[in-house]
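K.L.:
First the structure, then my questions, so here it is.
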Amino acid sequence: MKCDYYSTQYTVYSKQNTVKKEEVEMNLKKLIRDVPDFPKQGIIFKDITPLLGDAKGFKASINNMAKKYKDKHIDKIVSMEARGFIFGSALAMKLNCGFVPLRKKGKLPYKTIKEEYQLEYGTDVIEIHEDAIKPNDQVLIVDDVLATGGTAKAVCSLIEKLGGKIVGICFLIELSFLNPYDKLKGYEITSLIKY
Ligand code: AMP
């Protein structure tokens, strides 16, 4: 086995390899930049652009996400605009599955169904094409950051309305201190980096 922190051969989720999983997390964490007070006062924004700009780091993120789901027969990856698209589409290539973009209101050209969800202040709406998911499609949701879980919950609702089966929800980063799992009970959640 290669002894590279970013090795694609790492079994990062294996119980026997917890130390290595921590090493992968530690190395990916070095590529996440904290930006205080963005986009507003009091928020510490997790900037993923240093990771995206690092060939090894970006590849390691996708490879380690893929490990967990490579044998789960995923039909579709569903991601939210805009940063979710980066990880979701790269992972879809790796898992040989389709990619479904979810967008803010009014952006998708064909017939859509929509879901309103709670933001810190106010609400927002996301949409999906009504034919994007077929009944019983095995679906993996992918996004960059899990914060309160409100967005992911709305995505789950849209997929289930179309008859899709949610195999899991996968994030690069999870802000555990915001207790996002409270909103996502019953779903299998994976995050490569936890704060
Ligand atoms: P939430 O619905 O609260 O889980 O928020 C998730 C969405 O907001 C994700 O699509 C993230 O891209 C974005 N987000 C929330 N908090 C942060 C943060 N501190 N840093 C970066 N992105 C964030």
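The values are calculated or read from the model by the stated rules, or taken from the named source; none is laboratory data. Remember, predicted model here, so these are calculated numbers, not experimental data. Cβ sites come from the backbone with ideal geometry, for glycine too, and all protein chains shown count toward neighbours. When the accessible area is computed, the model is the full protein with side chains, heavy atoms only, and any ligands, DNA or RNA have been set aside. Shrake-Rupley method; radii C 1.70, N 1.55, O 1.52, S 1.80 Å.
K.L.:
In the range 130-151, how many are on the phi < 0 side of the Ramachandran plot and open to solvent by 40 Å² or more (accessible area, probe 1.4 Å)?
P.N.:
7
K.L.:
Only residues that are under 15 Å from ILE189 (Cβ atoms) and within 12 Å of the ligand (Cβ to nearest atom): list them for the range 121-142, please.
P.N.:
Scanning the range 121-142 gives ILE141, VAL142.
K.L.:
Six or more apart or on different chains, Cβ under 6 Å: which pairs go from a residue in the range 149-160 that's of a type outside the set (S, T, N, Q) to one that's part of a helix (DSSP H, G or I) and open to solvent by 30 Å² or more (accessible area, probe 1.4 Å)? Could you list them?
P.N.:
GLY149/LYS183; LYS153/LYS183
K.L.:
Let me ask another. Looking only at strands (runs of 3 or more DSSP E) that lie completely in the range 17-90, which have at least 2 residues being within 17 Å of the chain's Cα centre (by Cα) and under 17 Å from GLU174 (Cβ atoms)?
P.N.:
The strands (runs of 3 or more DSSP E) meeting that bar are 44-47, 76-80.
K.L.:
Counting just the residues of the range 143-165 that are part of a strand (DSSP E or B) and under 20 Å from ILE113 (Cβ atoms), which one comes out nearest to the ligand (Cβ to nearest atom)?
P.N.:
ASP143
K.L.:
Still on this model: Of the residues ASP4, ASP34, which is at pLDDT below 95, over 28 Å from CYS156 (Cβ atoms) and not basic (Lys, Arg)?
P.N.:
Criteria check complete, one pass: ASP4.
K.L.:
Does ILE113 satisfy being away from the ligand (no atom under 11 Å from the Cβ), within 21 Å of SER157 (Cα to Cα), within 15 Å of the chain's Cα centre (by Cα) and in contact (Cβ under 8 Å) with a residue 40 or more places away in the chain?
P.N.:
no
K.L.:
Please enumerate the residues belonging to the range 166-195 that are in a helix (DSSP H, G or I), of a type in the set (D, E, K, R) and loosely packed, with under 14 Cβ neighbours inside 10 Å.
P.N.:
Hit for the range 166-195 is ASP182, nothing else.
K.L.:
Within the range 112-121, does at least one residue satisfy the condition of being in contact with a Cys (Cβ under 7 Å, 6 or more places away or on another chain) and open to solvent by 50 Å² or more (accessible area, probe 1.4 Å)?
P.N.:
Scanning the range 112-121, I find no residue that is in contact with a Cys (Cβ under 7 Å, 6 or more places away or on another chain) and open to solvent by 50 Å² or more (accessible area, probe 1.4 Å), so the answer is no.
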